[in-house]
Amino acid sequence: MPQEQYTHRSTMQTSEGPQVYKVGIYGWRKRCLYFFVLLLMILILVNLALTIWILKVMNFTIDGMGNLRITEKGLKLEGDSEFLKPLYAKEIRSRPGNPLYFQSARNVTVNILNEKTKVLSRLVTGPQAVEAHSQKFEVKTLSGKLLFSADDNEVVVGAERLRVLGAEGTVFPKSIETPNVRADPFKELRLESPTRALVMEAPKGIEINAEAGSLKATCRTELRLESKDGEITLNSAKIKLPNLPQGSSSSAGSRQKIYELCVCPNGRLFLSQAGTGSTCQINTSVCL
């Protein structure tokens, strides 16, 4: 019985033959896969072409991009450059022998910040004015000599000479302190106070000198020369007082044009026609 079952199973396997199972993607799935692979290759080629075109247009090289070059000391820009947002740099300088230009449609602002991003100093160059905001402003020479300094307390001019070229001169609303005030050669020097008083003070002395011309002092009411502890000296070969008042002439006096200079108790000067003796007491009515 077992032998008959084995013979029957062998006969069935021989008549059916070996069974083959296919493994893979066939049909429309295979065609879609080839299509996506081809599309991916086309995208890769287009991306590569665009990358090469951008590198060519932007002039990318090993040293940098376009006018921008990367050097050992930093970045180097050649030609005109435009910055649309703030620029932060430790040092900005031009090529040796070439100028450095900053150009803007409205203004150029330079800010100095501290660690807390607080503005310490600011320089603004606008279409109408140039403004500098700082605690102190200084201008020095190449050797370090101070030419100009300004802060909240004072303004210092360190140059040997300060020239004012304005046609109307210079207006000082308050006092000015200087060791010397003089005009250019062959020019007039005029000190004037149209509505107030003009006061000149010095602890050791005031010297007014006109070496090649005349000296003129004019006022509307009174011109006073006062010395508290010393004296006033008029040193000249000729001293003229042309508009002094004259006392009444004596009826018995001669017609000679010789006068005597008299002084009133209040300091007023007047002329009195000279006689054989002093005639100042006769004309004391002028002192009233």
Check on GLY97, on the phi > 0 side of the Ramachandran plot and either open to solvent by less than 100 Å² (accessible area, probe 1.4 Å) or out of contact with any strand residue (DSSP E or B) (no Cβ under 9 Å at 6 or more places or on another chain) (or both): yes
In the set THR170, THR195, THR218, which member is in a loop (DSSP other than H, G, I, E, B), polar (S, T, N, Q) and open to solvent by less than 90 Å² (accessible area, probe 1.4 Å)? THR170
Taking the stretch 101-125 as the region of interest, how many residues are open to solvent by less than 80 Å² (accessible area, probe 1.4 Å) and either of a type in the set (Lys, Arg) or closer than 20 Å to LEU84 by Cβ (or both)? 8
Residue under evaluation THR71, criteria (1) surrounded by 10 or more Cβ atoms within 10 Å (Cβ to Cβ); (2) modelled with pLDDT of 75 or more; (3) in contact with a strand residue (DSSP E or B) (Cβ under 9 Å, 6 or more places away or on another chain); (4) not basic (Lys, Arg), criterion not met: (1)
Go over the candidates LYS257, LYS240 one by one and state the one that is at pLDDT 80 or above, open to solvent by 100 Å² or more (accessible area, probe 1.4 Å), of a type outside the set (A, V, I, L, M) and out of contact with any strand residue (DSSP E or B) (no Cβ under 8 Å at 6 or more places or on another chain). LYS240
Sort out which residues of the stretch 145-167 are touching a Lys or Arg at 6+ places or on another chain (Cβ under 9 Å) and outside any loop (DSSP other than H, G, I, E, B), and write them in order of number. LEU146, LEU147, PHE148, SER149, ALA150
Just give me the residues in the stretch 126-147 being in contact with a Gly (Cβ under 8 Å, 6 or more places away or on another chain) and open to solvent by less than 70 Å² (accessible area, probe 1.4 Å), in sequence order. LEU146, LEU147
Just give me the residues in the stretch 258-288 being under 60 Å from the mean Cα position of the chain (by Cα) and under 8 Å from GLY247 (Cβ atoms), in sequence order. PHE270
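The values are calculated or read from the model by the stated rules, or taken from the named source; none is laboratory data. This is a predicted model, so every value here is computed, not measured. Every residue, glycine among them, receives a Cβ derived from its backbone with ideal geometry; neighbour counts consider all protein chains shown. Ligands, DNA and RNA are excluded from the accessible area calculation, which covers all protein heavy atoms including side chains. Shrake-Rupley method; radii C 1.70, N 1.55, O 1.52, S 1.80 Å.
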